[in-house]
Every structure is written in C-alpha cells, then in structure tokens.
Amino acid sequence: MNKVAAKKYQQIIENSNALDERKKEIIELAEEVKTKLNTVLAETTNSLGLTLYDLVDAFQSEKSEHLAELEEIKDAQSEYIDNKSDKWIDSYKGNAYAQWQQEWSEYIYFIEDDSLALTLESNIADPAEEIIVDILIERNDSEIDLPLNKPEEE
C-alpha cells in the first residue's frame, strides 16, 4: 500500500477527533468528581467534628512528637553506656542494658515505619468498575511491645 484512500483517511481523522473529544469529556468530568470528592472528604466529620484530613494531620503530628521523645531516650541511653567501662559493658548488667537498648531501637523503628495513606483507584479501561476509595494503614506485620522502663535485672 502506497497511500490510504481519501475516504478511509477522512474516517480516520473523524475517529481521531471523536476520541480526542471523548478524552476531554472524561478529563473534565474526572476533575469535577475529584473536586466533589475533596469536598466530601473535607466536610465529612467524626463525632468530634474532625475531618479525615484533621485526623491524618493529628496522627502525623503526634507521631513526630512521640518520635522526638523516643530519640531523647535513645540519646540518653547512648550517653549512659558511653560513660561505662569495658568491664561493665561485658558484664551481665552491660549485656542486659545492651539488650534493653536494642529493644528500644526496634520499637523506634516500628513507630517510624508506621504510616497512613489515602488512596483512590480506578480502572479507566473498564468504566463499569467502581472507583475504590481505600485508607491504607501500613504497619509491620507483627505487633511490638513497648520496652520496659529499665533493663531486666538478675
């Protein structure tokens, strides 16, 4: 084939223009849905009058404050052990302290890794498929206990 027939080419132009128009309609409507969904998210509140945005902001703020407290503990532990002799570090008490320090490090890591995400998913290729709104709470698979307030003693 050395050329596309004029009639066929005209049909291709019309189909291409129709697809472009349909795409514009989809984008415009999707933007309207997005705006309405954001309004719903901003206006829907819990029994205390807090929106989802308020709760997520509070979670992030409280998490930051909690991590700052935990970092103070971690720093104080390091300072404490830095002032101990090698003999003490190798003793039962030193080993118990190191274990306790490790438990705190694992707890801090667990809290740092705790996160929230709001996701919206849709499959444009299948318009019959519903939009999925999901709150994703990403946590470690296992739970972790708060370490004791002091190392275990004999």
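Nothing in this text is a laboratory measurement; each read-out follows from the coordinates by a stated rule. Every value quoted in this text rests on a predicted model; they were computed, and no experiment measured them. Virtual Cβ from ideal backbone geometry, glycine too; neighbours counted across all protein chains shown.
At a glance:
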| read-out | value |
| --- | --- |
| Label point distance in nm, Asp86-Tyr109, each placed 7 Å from Cα along Cα→Cβ | 2.8 |
| Cα→Cβ-extended label distance, 7 Å offset, between Glu153 and Glu71, nm | 3.3 |
| Sequence of Leu41, Leu148 once ranked by neighbouring C-beta atoms within 10 Å, starting from the fewest | Leu148, Leu41 |
| Neighbour-count ranking [beta-carbon atoms within 10 angstrom, fewest first] of Trp104, Trp88 | Trp88, Trp104 |
| 26 Å Cα-Cα reach of Lys63 towards lysines, excluding residues that sit fewer than 8 places from it in its own chain | Lys74, Lys150 |
| Check: the stretch 50-101 dipole with +1 on Lys, Arg Cβ and -1 on Asp, Glu Cβ, in debye | 400 |
| Net +/- balance of residues flanking Ser16 in space, Cβ distance below 12 Å, scoring K and R +1, D and E -1 | -1 |
| Cα pair distances exceeding 26 angstrom across the stretch 1-126, given as percent | 61 |
